[in-house]
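Chemist: For reference, the structure I am asking about is given below.
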Amino acid sequence: MESRPKKYPNRLGVTGWGLGGRWGVERYLYTIHRLTGIGLVLYFILHIFLTATRTFGQESWENSMSMVNSPFFMLMEFVVIIGFVFHALNGIRLILIELGFAVGRPEEPVYPYRSSINTQRPLMIVMMLLAGIFIILGGYDMFAFAH
């Protein structure tokens, strides 16, 4: 007798792709961590190209710097600050978990995992609060002292 693969109805539809359905907070942090990593790599490539315009002479350098000093690029630099701060602090959280400092004592693996809720969740809350503070300070420094 031939076994047929089971078919499960897609109750989430297209929104399940973007919103994750029943994802936990950690899964959203994982996705945002990956996206900010890609964004930071793209920013660094753009930064290298803009800095390289210096080799084409003073006029080329001044043209690229006048473009970068626009309000749009200031806003995009703030988005880079947000991405960098989130990526850095979430990365520190992940390092602490991977090295075992934020895992908690060994326990029976029964869902919901108590180590995740009792140890990792408070660490996530502290790191995201710190990220919020650093983002606010970075925005204040960037926009209050803009020349």
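Chemist: List the DSSP H helices in the chain whose Cα atoms stretch 30 Å or more along the helix axis and whose mean Kyte-Doolittle hydropathy is at least -0.5.
Modeler: Result, helices passing both filters: 25-52, 71-98, 121-144.
Chemist: Taking the Cα centre of the chain as the origin and placing charges on Cβ (Lys, Arg +1; Asp, Glu -1), which of TYR28, MET76, GLN58 is farthest toward the positive end of the dipole?
Modeler: Towards the positive end, the residue furthest out is TYR28.
Chemist: Of the listed values (1) 49, 29, 28; (2) 42, 30, 26; (3) 74, 44, 25, grab the one calculated as Cα extents along the principal axes in Å from the structure here.
Modeler: Checked against the structure: label (3).
Chemist: Moving on to the next point. Would you calculate, for the chain, the mean residue ellipticity at 222 nm contributed by helices, counting each DSSP H stretch of 4 or more residues as -39,500 (n - 2.57) and dividing by all residues, to the nearest 500?
Modeler: It lands at -22500 deg cm²/dmol.
Chemist: I would also like to ask the following. When the chain is modelled as a GNM with alpha-carbon springs shorter than 10 Å, which of ARG11, ARG27, ARG105 fluctuates the most?
Modeler: Maximum among the listed residues: ARG11.
Chemist: May I ask you to order 85-93, 42-50 by the average number of other C-beta atoms within 10 Å around their residues, highest value first?
Modeler: 85-93, 42-50
Chemist: Next up: Percent relative contact order of the range 24-144, based on C-alpha pairs within less than 8 angstrom and at least six residues apart?
Modeler: 28
Chemist: In the chain, which longest range has no GluC sites (Glu not before Pro) that are both DSSP loop (not H, G, I, E or B) and surrounded by at most 15 other Cβ atoms within 10 Å?
Modeler: 3-106
Quick note: the coordinates plus some simple rules give every number you see, no bench work behind them. Values in this document were obtained by computation on a predicted structure and should not be read as measured data. A quick note on method: Cβ atoms are made from the backbone with ideal geometry, for glycine too, and the neighbour counts reach across all protein chains shown.
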